[in-house]
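Worksheet: the structure to be examined is printed underneath.
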Amino acid sequence: MARPVLLIAGGSRGIGASTCRLAAARGYDVAVNYKSNAKAAADVVEAVMAAGGKAVALRGDMIDEATVARVFDEAARALGPITHFVHSAGIGGKNSKLEVATAQTLREVIDVNLYGGLLCAREAVRHMSTARGGPGGSIVLLSSIASVTGGAGEYVFYAAAKGGIDALTNGLAREVVKEGIRVNAIRPGPTRTDIHEPGRLERITPLLPMGRPGEPDEIAEAILFLLSDAASYITGAVLNVSGGR
C-alpha cells in the first residue's frame, strides 16, 4: 500500500519541522519546503528518512505563484501524488502598534501568512481534488490564537492575516468537501519557535493560563490528528491549541 504524501510549506523550522518528523513516524513520505535555510531542511529530510519515510527538500518562496506550482509538481514527481498539505510558512513581522507599522511590514505579513496561504491552498486543491482526477486528501492551515485575541499593541496586522486564514478554512472546506478534500486549521498559542522577537516569549509567559508556552511537538500532534483518518468527519474546523489563551 502506498504511503501518504505530505507537503509542508515552511517545513524546515519550528512547527513545520516538528510536523515533518512526526508525520514520518506516522507513516508519511514528506516533502519539506523551505525558503533559504538549506541546512535546516536537510536535517529534517534526514530525520524523516531515519524514521523510514521518503523525503525531499524543495526550495521556494511560497508567495510566488510560479514557485508554488513548481514546488507542488516537484513534490509529486519525487514522492507520488500529494495527499496531504500543511501551510506552516509564517512571519510575525516587527512588533508594533498599527499606527507606527511600516507599509513594508504590513505587506510582508499579509503576503507570507495570507496570500501565500491562498496560493498554496489553491494549488493543493488542484493536485488533490477528485473532480480533477486527484486522490482527495486533507489540508491543514496554520492560523493563530491572535486571530481571536487581536494582537493589540504588538501585531494586529498579523492577527488580521490569520483571521483571513480562519475565513479561508471555513469557505474552502465547504467548496471542496464533495471533491474528497477536508480543510481544517490550527490556532496555536504562543509557541517556542523563532517567530517571536527576542524576549517576547519570556515577557508574555506569566500571562499564559498554563504558565508556559507551547512546544512545537504539541502543535504537531494536533496537526497530525486533523490530517489523519481519525478526523475523517471534521472539515471547516479551527482548533485552538493555545493552552487556554
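Within the range 79-92, the set of residues being over 17 Å from the mean Cα position of the chain (by Cα) and crowded, with 16+ Cβ neighbours inside 10 Å comprises Leu79, Pro81. For the range 51-71, name all the residues that are hydrophobic (A, V, I, L, M, F, W, C) and part of a helix (DSSP H, G or I). Across the range 51-71, the qualifying residues are Ala66, Val68, Ala69, Val71.
Of everything in the range 1-20, what is under 14 Å from Ser88 (Cα atoms), touching a residue at least 60 places away in the same chain (Cβ under 8 Å) and in contact with a helix residue (DSSP H, G or I) (Cβ under 8 Å, 6 or more places away or on another chain)? Give them in sequence order. Passing the criteria: Leu6, Leu7, Ile8, Ala9, Gly10, Gly11, Arg13, Gly14, Ile15, Ala17, Ser18, Thr19.
Does Ala131 satisfy being farther than 24 Å from Ala220 by Cα and touching a helix residue (DSSP H, G or I) at 6+ places or on another chain (Cβ under 6 Å)? Break it down into steps so the answer makes sense when it comes.
Details: farther than 24 Å from Ala220 by Cα: yes; touching a helix residue (DSSP H, G or I) at 6+ places or on another chain (Cβ under 6 Å): yes.
Here the answer is yes, as Ala131 does meet what is asked.
Yes/no per residue for (1) assigned to a helix (DSSP H, G or I); (2) buried (at least 19 other Cβ atoms within 10 Å of the Cβ); (3) modelled with pLDDT of 95 or more:
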position	(1), (2), (3)
Tyr158	yes, yes, yes
Ala161	yes, yes, yes
Ile186	no, yes, yes
Glu197	no, no, no
Arg203	yes, no, no
Gly243	no, no, no
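Any residue that is out of contact with any Lys or Arg (no Cβ under 9 Å at 6 or more places or on another chain) and part of a loop (DSSP other than H, G, I, E, B) - is there at least one of those in the range 117-127? No, every residue in the range 117-127 fails to be out of contact with any Lys or Arg (no Cβ under 9 Å at 6 or more places or on another chain) and part of a loop (DSSP other than H, G, I, E, B).
When you look at Leu7, is it crowded, with 24+ Cβ neighbours inside 10 Å and at pLDDT 95 or above, yes or no? If you could, list the steps in order and put the result at the bottom.
Details: crowded, with 24+ Cβ neighbours inside 10 Å: yes; at pLDDT 95 or above: yes.
Considered against the rule, which asks whether it is crowded, with 24+ Cβ neighbours inside 10 Å and at pLDDT 95 or above, Leu7 comes out as yes.
Of the residues making up the range 90-104, those that are modelled with pLDDT under 95 and in contact with a helix residue (DSSP H, G or I) (Cβ under 6 Å, 6 or more places away or on another chain) are Gly90, Ile91, Gly92, Gly93, Lys94. Residues in the range 72-103 that are within 15 Å of Ala55 (Cβ to Cβ) and assigned to a helix (DSSP H, G or I): 6 in all.
The values are calculated or read from the model by the stated rules, or taken from the named source; none is laboratory data. Since the structure is predicted, the reported quantities are computational estimates derived from the model, not experimental observations. For neighbour counting, all protein chains shown are included, and Cβ atoms are generated from backbone atoms with ideal geometry for every residue, glycine included.
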